[in-house]
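The structure appears right after this line, and notes come after that.
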Amino acid sequence: MNVVIKVNDEIKEKMIEYYKDKRRDKVIPYVVFQAEEEDTVITMYESGKVMFQGTSADVDAAMWGVQLENTKEKKEERKKADLKYYNCSAVGSDEVGTGDYYGPIVVTACFVSRDDIPFLEELGVGDSKKIDDSKILKIAPEIAKRIKYKSVILTNKEYNEKYTKELNMNKIKAILHNKVLYQLVHSDIDKYDYIIVDEFAREARYYEYIKDQDAVQRGITFLTKAEDKNNAVACASIISRYLFLREFDKLCDEIHIPLPKGAGKDVDTIGEEVVEKYGEEKLKDIAKVNFKNTDRILHTMIY
């Protein structure tokens, strides 16, 4: 699937920042950058056009395309729809760590009732990507005391054992989301209005990913930028980030090397240090070896 959108200068700069750690190395004439986001290749041209290519191209494009709808009517419609998912009781899930070379993948599902919303607003709950880590570490334990949740942590060693061409990142994510959602929905929680997932795959593709699972949670509403629209997803994002940070710090302490987050060039530099100190096999324990960083790290090593 190919999707092309036209972006203004403001969104162009936001996209450049967002995809900076996901860029491909090759230089293409008239192209600002080319990056990879899961199964989607994103190409930004100097003209301001951006092409999304891949199975989830429409989902990734929608994340930016909605910001181009400037009419008053569309803004009002969007605001009304967003409030429907905000002022409700819901189960929501979100994940952290899928774009980080080092550190685990963490997926969390939370249940938030309408009565919890004032408490969460007072804490300043929102998308974990927009809250700095120091605040995450402060508010996540407070959220966890009040909000019911289920989390799963997939280490990179486990990820590398599972990952194949057929079992790609999105399928792994779908399996983990389904696991925590099913566990939470079938636990002792009050009545909810929605089950919401931050959309990383179209609904049909999501259920195709999990068709072989023993227990499948259905009745899901898939929303783009769900962390901004629903408190349960926002809480799931924050708790996932909190658990990721704790596991990440344990990993740094274990190997006595301060690991960088993301998947940028600083990741490659530290990767070379890890291989020099512990050997290639250590990457299989601490890194997602299917990332292109692995090839860059190993190809630049001199033995």
Pairs of alpha carbons in the chain whose separation is greater than 30 Å (percent) = 35
Heavy-atom SASA rank of Ile238, Ile28 (probe 1.4 Å, accessible area, largest first) = Ile28, Ile238
remark   = For 239-245, 284-290, ranked highest to lowest by mean beta-carbon neighbours within 10 Å, the order is 239-245, 284-290
request  = For Ser47, tell me the accessible area in Å² from a 1.4 Å probe, rounded to the nearest 10.
outcome  = 70
query = By the scheme Lys and Arg +1, Asp and Glu -1, what is the net charge of all other residues having a beta-carbon under 9 Å from that of Ala174?
reply = +2
Under Karplus coefficients 6.51, -1.76 and 1.60, residue-wise ³J(HN,Hα) of the stretch 140-153 in Hz, glycine/proline x = 4, x, 5, 5, 5, 5, 10, 9, 6, 8, 10, 10, 9, 10
request  = Please list 257-270, 102-115 highest first by mean number of surrounding beta-carbon atoms within 10 Å per residue.
outcome  = 102-115, 257-270
inquiry  = Can you give me the % of accessible surface on the chain that is carbon or sulfur? Probe 1.4 Å, all protein chains present, nothing else counted.
reply    = 48
ask   = How much accessible area does Asp193 have with a 1.4 Å probe, in Å² rounded to the nearest 10?
value = 70
key: Distance (nanometres) between label positions extended 7 Å along Cα→Cβ at Ile257 and Leu83   = 5.3
note = Residue-normalised value, i.e. accessible area per residue, for the chain at 1.4 Å probe, in Å², stands at 51
query = Among the Cys residues of the chain, which have no other cysteine Cβ under 4.7 angstrom away?
reply = Cys88, Cys252
key: ³J(HN,Hα), Karplus 6.51/-1.76/1.60, whole Hz, each residue of the stretch 8-24, x for Gly, Pro   = 7, 4, 5, 6, 4, 5, 5, 5, 4, 5, 5, 9, 4, 8, 10, 6, 7
request  = Excluding residues on the same chain fewer than 8 positions from Lys277, give the aspartates and glutamates whose Cα lies under 20 Å from its Cα.
outcome  = Asp249, Asp253, Glu254, Asp266, Asp268, Asp285, Asp295
remark   = Under the Karplus relation with 6.51, -1.76 and 1.60 and θ = phi - 60°, whole-Hz ³J(HN,Hα) for the stretch 100-108, x at Gly and Pro, equal 9, 5, 9, x, x, 9, 10, 10, 10
remark   = Square roots of five times the C-alpha gyration tensor eigenvalues of the stretch 165-226, ordered largest first and given in whole Å, equal 20, 14, 9
ask   = For His299, what accessible area in Å² do you get when you roll a 1.4 Å probe over the heavy atoms of the protein chains, rounding to the nearest 10?
value = 150
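The values are calculated or read from the model by the stated rules, or taken from the named source; none is laboratory data. Everything numeric here is computed off the predicted structure, so don't read it as measured data. In this analysis, Cβ positions are derived from the backbone assuming ideal geometry, glycine residues included, and neighbour counts consider all displayed protein chains. Side chains are part of the model used for accessible areas, which takes the heavy atoms of the whole protein and leaves out ligands, DNA and RNA. Shrake-Rupley method; radii C 1.70, N 1.55, O 1.52, S 1.80 Å.
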